[in-house]
1. Find the centroid of the Cα atoms in segment 2-20 and in segment 79-134, then give the distance between the two in whole Å.
2. Return S108, S77 ranked ascending by Cβ neighbour count within 10 Å, so the fewest neighbours appear first.
3. Using helices alone, what [θ] at 222 nm do you get for the chain, with -39,500 (n - 2.57) per DSSP H run of 4 or more residues, divided over all residues and rounded to the nearest 500?
4. What helices does the chain have that are whole DSSP H segments, at least 20 Å long along their own axis by Cα, and with mean Kyte-Doolittle hydropathy of 1.0 or more?
5. In the chain, once you exclude exposed chymotrypsin sites (Phe, Trp or Tyr not before Pro) (DSSP loop, at most 11 other Cβ within 10 angstrom), what's the longest stretch remaining?
6. Once all Cα-Cα distances of segment 58-134 are split into 10 Å bins that start at 0, what whole-number percent is in each one?
7. At a temperature of 37 °C and a viscosity of 0.692 mPa s, determine how fast the chain diffuses translationally according to Stokes-Einstein, using the Kirkwood radius over alpha-carbon pairs as Rh; express D in µm²/s, rounded to the nearest whole number.
8. Enumerate the residues in segment 77-115 having an amide nitrogen under 17 Å from the point lying 7 Å beyond the Cα of I34 toward its Cβ.
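Just so it is clear, none of the values below were taken in a lab; they were calculated from the coordinates. This is a predicted model, so every value here is computed, not measured. We place every Cβ from the backbone using ideal geometry, glycine too, and count neighbours over all the protein chains shown.
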Amino acid sequence: MRILISLLSGVVFGLGLMLSGMTDTQKVQGFLDIFGEWDPTLIFVLGGAVLPMVVAWRIAAKRERSPLGEPYPAAPSHRIDRKLILGALMFGVGWGLGGFCPGPAIASLSYAGPGGLVFVIAMFTGMALERRIA
């Protein structure tokens, strides 16, 4: 059951990324170009993602187990340290230069062509290197 729910969630997430424009690198880069020809439309995507999650986190905080009966993972640290800042910086630079973040990059593999594939390979290489370095 868990695999089926995970698959369904991934499909819905991928479709949402595609419909919202998050897999369109030019749209993402237009959103990030605040000093040029800024395209603010992805703010609605951000709001559409953050607001339901705030509600979901409030509901989950009152429960001990997930709807599938498994315990929730431990809450992440709220510490702002060097590792967090460097990771956020690298994520932002990669997002700005490539026009992809991890979810949309994977969702766009079926149509992004060689550029999308190169981005995903570089992303997974970076993840593997981080684990070895850490």
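1. 20
2. S77, S108
3. On the way: 6 runs with 91 residues, N = 134.
-22500 deg cm²/dmol, from helical runs alone.
4. Membrane-span-like by this rule: 2-20, 42-61, 82-98, 113-133.
5. Details: sites that count: F35, W38, Y111.
Longest run free of exposed loop sites: 39-110.
6. Histogramming segment 58-134 at 10 Å steps yields 15, 32, 28, 24, 1 percent.
7. Values: Rh = 17.2 Å.
So the translational diffusion coefficient is about 191 µm²/s.
8. Hits in segment 77-115 for I34 at 17 Å: 88-97.
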